[in-house]
1. Tally time: how many residues in the range 133-145 are touching a residue at least 24 places away in the same chain (Cβ under 8 Å) and surrounded by fewer than 19 Cβ atoms within 10 Å (Cβ to Cβ)?
2. What residue, of Leu29, Leu57, is at pLDDT 95 or above and in contact with a His (Cβ under 9 Å, 6 or more places away or on another chain)?
3. Sort through Ser69, Ser51 and tell me the only one that's more than 15 Å from ligand 1 (Cβ to nearest atom), touching a residue at least 24 places away in the same chain (Cβ under 8 Å), surrounded by 17 or more Cβ atoms within 10 Å (Cβ to Cβ) and of a type in the set (Gly, Ala, Ser).
4. Any residue at all in the range 106-116 that's out of contact with any Gly (no Cβ under 7 Å at 6 or more places or on another chain), in a helix (DSSP H, G or I) and at pLDDT 70 or above?
5. Can you tell me how many residues within the range 17-47 are under 19 Å from Ile170 (Cβ atoms), within 12 Å of ligand 1 (Cβ to nearest atom) and out of contact with any Asp or Glu (no Cβ under 6 Å at 6 or more places or on another chain)?
6. Which of the residues that make up the range 165-217 are within 14 Å of the chain's Cα centre (by Cα) and among the β-branched types (Val, Ile, Thr)?
7. For residues that are of a type in the set (Lys, Arg) and not in a loop (DSSP other than H, G, I, E, B), scanning just the range 124-153, find the one that is modelled with the highest pLDDT.
8. Of all residues in the range 49-66, how many are among the hydroxyl-bearing types (Ser, Thr, Tyr), within 16 Å of Cys182 (Cβ to Cβ) and in contact with a strand residue (DSSP E or B) (Cβ under 8 Å, 6 or more places away or on another chain)?
Amino acid sequence: MIVERAYAHAVGHDEDEWPWSVPCVRQLLAEGLRFTAPVTFLVGENGSGKSTLVEALAEAFGLDPYGGSHDWKYATHRAKSPLGERIRFDAARGGRQMVRSWSARKGFFLRAETALDALDREGFEPDAKSHGEGFLAAFRGKFLVPGLYVMDEPEAALSFGSCLELIGHIDHLANTGAQVVCATHSPLLTALPGADIVEVGDHGLRRVRWEELELVDHWRRYLSDPAAYLRHIVE
Ligand SMILES: Nc1ncnc2c1ncn2[C@@H]1O[C@H](COP(=O)(O)OP(=O)(O)O)[C@@H](O)[C@H]1O
Ligand SMILES: [Mg+2]
């Protein structure tokens, strides 16, 4: 693991304004976010603040906010978000050097909205591949060394089989000293044994077990009887 806690202090901020108004950000300011496993999944409804949080964590670690690997730190010179500017990390045993030295930091940020541009810059020629194939090429070519790997809904572009491949890459990273923080809606990814699952919502942040996840319950019931859901939706 690289970091065991993220925290932030904000002074004179407007609590009614983004990102300070988002409940999970309020909790981060109040208590910080502790990482207790090499893999942390953030789950929660649309608009709950997952992207706000993962983008800020990636920025704070020095990864390019548009996405990409440590080779592209600050390549876009996009201003850091107000939260990304303020987040600090407590190092885990395997991450002391990276937390101390910006130049030692390694990792990758896979951000759904700008993934294609980022992969293009890294020479993955996404135009020549499908969106999902570009992601797979990045996993195979970049998910190699210990570092902080931050992802925002990587499953959006991936088939079932490709999601399974991604789990394999995540597990390999976890077993070789790296750390993964991933926002997701995927019941498949979150089933990774040993992963921490943090639910983001109006309550802020709380740890949940995979078996208790609402998204798992919905998928299970939907797949066993789609009509039970669809009769409320379609005519
Ligand atoms: N750049 C921004 N400026 C203002 N509000 C934002 C910005 N980005 C996100 N928000 C708001 O913050 C909340 C959380 O958004 P987001 O982090 O994207 O949620 P999620 O990724 O969980 O769907 C939403 O209400 C969204 O409208
Ligand atoms: Mg999001």
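The values are calculated or read from the model by the stated rules, or taken from the named source; none is laboratory data. Nothing here was measured: the structure is a model prediction, and the numbers come from that model. We place every Cβ from the backbone using ideal geometry, glycine too, and count neighbours over all the protein chains shown.
1. Restricting attention to the range 133-145, the residues satisfying the condition of being touching a residue at least 24 places away in the same chain (Cβ under 8 Å) are 135-136, 138-140, 142-143, 145.
Remaining after also requiring surrounded by fewer than 19 Cβ atoms within 10 Å (Cβ to Cβ): 140, 145.
So the count comes out to 2.
2. Selected residue: Leu29, the only one of Leu29, Leu57 that is at pLDDT 95 or above and in contact with a His (Cβ under 9 Å, 6 or more places away or on another chain).
3. Only one candidate passes the filter, namely Ser69.
4. The answer is no, given that none of the residues of the range 106-116 is out of contact with any Gly (no Cβ under 7 Å at 6 or more places or on another chain), in a helix (DSSP H, G or I) and at pLDDT 70 or above.
5. Within the range 17-47, residues that are under 19 Å from Ile170 (Cβ atoms), within 12 Å of ligand 1 (Cβ to nearest atom) and out of contact with any Asp or Glu (no Cβ under 6 Å at 6 or more places or on another chain) number 1.
6. Ile167, Ile170, Val180, Val181, Thr184, Thr190, Ile197, Val198, Val200 - these are the residues of the range 165-217 that are within 14 Å of the chain's Cα centre (by Cα) and among the β-branched types (Val, Ile, Thr).
7. For the range 124-153, the residue satisfying everything is Arg140.
8. 1
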